[in-house]
Amino acid sequence: MNETPAEYGVIGHPVTHSRSPFIHGMFARQTGQNMVYRLHDVPPENLHAYVMDFWRRGGRGLNVTVPHKVPACTMVRALSERATRAGAVNTLLMDQDGITGDNTDGAGLVLDLTANLKVDLSDARILMVGSGGAVRGVVGPLLDQSPALIMIAGRSAERAAALARIFGALGPVQGCGLERLGRGAFDLIINATSAGLAGEVPAIPRGVLHESTFCYDMSYARAGTAFLAWAKEQGCKRAAQGWGMLVEQAAESFELWRGVRPQTAGVLAALSSGA
């Protein structure tokens with residue numbers, strides 16, 4: 001008699017664009033796991049009731065995406081250290097004792113930058129463009145790599161400065177408005193805004209990059225992103241979008257759920273080739 005597959009999924013609003021079912025399906029086949037992974041499009045007002053019902057029906061875990069990463073923190077019995085630092089979750093682990101929240105975004109970003117893209121973060125000057133929830137999940141893990149500076153810059157100087165204060169005890173981090181950046185060049189520029197979803201580019205002043213600056217967009221699109229097009233127009237020689245972060249953070253979640261670490265190279269290659 002076949003065992004009922006364990007149920008997982010991603011919850012957000014909207015989620016129709018998500019590639020997570022494809023990624024976790026490849027991981028499951030690769031590692032021989034008996035599981036299903038589905039999309040759950042849930043508006044904010046229904047989030048708590050939906051997650052609780054999913055757990056009570058035997059659901060084993062959920063990835064959490066926009067706009068639920070911060071609100072989901074309030075419905076768990078415990079938060080991991082990295083989720084506590086981030087003040088946001090992207091992974092829910094469910095068992096008979098309740099729901100635990102974790103955040104694998106930062107681990108996924110660092111793995112993609114260092115292992116896949118061979119970017120040296122030690123002593124690097126890093127510009128983080130944006131001051132929203134996406135930034136919260138990655139600043140701590142980036143600071144663990146001992147950069148010279150992380151500058152958080154967004155449309156709201158107040159929000160950027162507030163984030164810098166939250167993470168200031170962990171390492172050299174500052175916050176300001178985009179217009180106050182000046183002309184000092186950075187070694188790595190990470191776009192953590194959602195502007196690219198509308199084909200827009202944040203108002204980043206000239207002079208913040210040189211030809212050896214690495215530009216990275218946490219967003220991704222089959223035809224590339226507006227931020228990467230801007231970076232190349234500015235003379236940036238190396239740039240990448242966030243397919244690798246997507247796959248690596250998913251692998252981290254998969255290991256938390258299933259206790260086995262999937263290989264990511266084949267999945268990343270499939271996504272990059274348009275699968």
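Where a number appears in this text, it was derived from the coordinates with a stated rule and is not lab data. Just so we're clear, the structure is a prediction, and the values are computed from it rather than from any experiment. Cβ atoms come from the backbone with ideal geometry, glycine included; neighbour counts cover every protein chain shown.
Quick notes
- Test result for L181, over 23 Å from G224 (Cβ atoms), touching a Pro at 6+ places or on another chain (Cβ under 6 Å) and surrounded by fewer than 22 Cβ atoms within 10 Å (Cβ to Cβ): yes
- Which listed residue, of V119, V135, V76, is within 24 Å of I11 (Cβ to Cβ), touching a residue at least 40 places away in the same chain (Cβ under 8 Å) and either aliphatic (A, V, I, L, M) or crowded, with 16+ Cβ neighbours inside 10 Å (or both): V135
- Any pair with Cβ under 8 angstrom, 6 or more apart, that starts in the stretch 221-242 at a residue that is in contact (Cβ under 8 Å) with a residue 12 or more places away in the chain and ends at one that is basic (K, R) and part of a helix (DSSP H, G or I): A239/K232
- Single match in T84, T104 (criterion: in contact (Cβ under 8 Å) with a residue 40 or more places away in the chain and not basic (K, R)): T104
Here is a yes/no grid of residues against (1) closer than 15 Å to V119 by Cβ; (2) surrounded by fewer than 17 Cβ atoms within 10 Å (Cβ to Cβ):
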position	(1), (2)
G154	no, no
A192	no, no
P202	no, no
S212	yes, yes
T225	no, no
A231	yes, no
G244	yes, no
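- Condition check for R165: of a type in the set (D, E, K, R) and touching a residue at least 12 places away in the same chain (Cβ under 8 Å): no
- When the stretch 28-87 is filtered for residues that are under 20 Å from G98 (Cβ atoms), among the hydroxyl-bearing types (S, T, Y) and not in a helix (DSSP H, G or I), only S80 remains.
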